[in-house]
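Step one of this worksheet: look at the structure below.
The numbers here are math on the coordinates, done by the rules we state, and not lab data. Owing to the predicted nature of the structure, the values given are computational and were not obtained by experimental measurement.
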Amino acid sequence: MGAGGSSTKESCKRALLGAERGKDREDALLAQFKAWDKDGNGEIPVKELAALLTELNPSVKWSKLLAHADIDQDGSIDFEELVSWTCSSPHLREYFQVWGRIETSRTKETYGSIKAFQEDRITKRKLKEVLEDVNDRHDTMVQEQLPSLIEKSFDHHDKDGSGVLEKSESVIFFSNYVALLQNHWISVARSIARENVENMESLLSMEKKIKRMVDEYEKDAEERHRNAFKFIDRDGSKRLEKHEVVRALSDVRMDSKRPFLRILGLNFVPGIHGSKAPERWDD
């Protein structure tokens, strides 16, 4: 099973380490798996696959990683095992579900408070107090509920069980994160649109903005992965420790600049259109 030149290397990169979303990524992985599975029996020996991948990318310890992809430990990897190993991220999925619920709740309370102000049921000063309380409470939810899910996701992506994420493991982690992040941002945009009909007109533009961000990310994913790795690896150990990853991915508060997302180029800030909230609080 020899390498097929630059096209094979590129398809391998897209399939295993790319930023494709959901179905697209699995389709790419299936196409590459079939190309590797020369005898068509639906399995590829671990040693043979490791040798091929090492030829394509010698900087990654494929033998060590693939040993953990062979779930039934029969010495071969089938397609289901490869998909599970590369694309599954159950705890990351739950992380985004929880974060999404928090942001939906924040949006509802924010719009409810602004509507009360517009209807002269509360003063500007009271609105400011209420909005600060809304953000403080929901930011506390973020800090209380997300870290444990990040820890579980870290363990899931620690394929060799070493307690740290090597660079190859971090690339799979980042790719899975981005694949779910796009849907998260779209969900946030839609929750905003649901709360105020005036936002429905801007929903399409918000979704287009999100897609542009992800498209730009995918054009330069490798460089952004390197920058994200350097940002999280504060001590320069060239590997990511759990507490470092938890700190980076927990910093998604409304008053935060979300540095991890900014480095990836994916810090979407939808804003609140048509809310007529005060632009100034000091008059």
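Quick notes on this one:
- Mean shadow area of the range 210-249, taken as a quarter of the surface of its Cα convex hull (nm²): 3.2 nm²
- Segment Lys152-Gln118, length gained on full extension (0.36 nm per residue, minus Cα span): 7.9 nm
- Listed values for the range 109-115 are Karplus-derived 3J(HN,Hα) couplings in whole Hz (6.51 cos²θ - 1.76 cosθ + 1.60, θ = phi - 60°), namely 5, 4, 5, x, 5, 5, 5, and x replaces Gly and Pro.
- The range 125-197: C-alpha gyration tensor shape, a/c 1.5 cut-off, then a/b vs b/c: oblate
- Residues whose amide H comes within less than 5 Å of that of Glu43, counting only those at least five positions distant or on another chain, are absent (H built at 1.01 Å from N in the peptide plane).
- Cα-based radius of gyration of the range 99-222 once divided by 2.2 N^0.38 Å, which approximates compact folds: 1.36
- Shape category assigned to the range 67-137 from the gyration tensor of Cα positions, a/c cut at 1.5: prolate
- Were the residues from Ser237 through Leu30 laid out at 0.36 nm apart, the gain over their Cα-Cα distance would be 71.0 nm.
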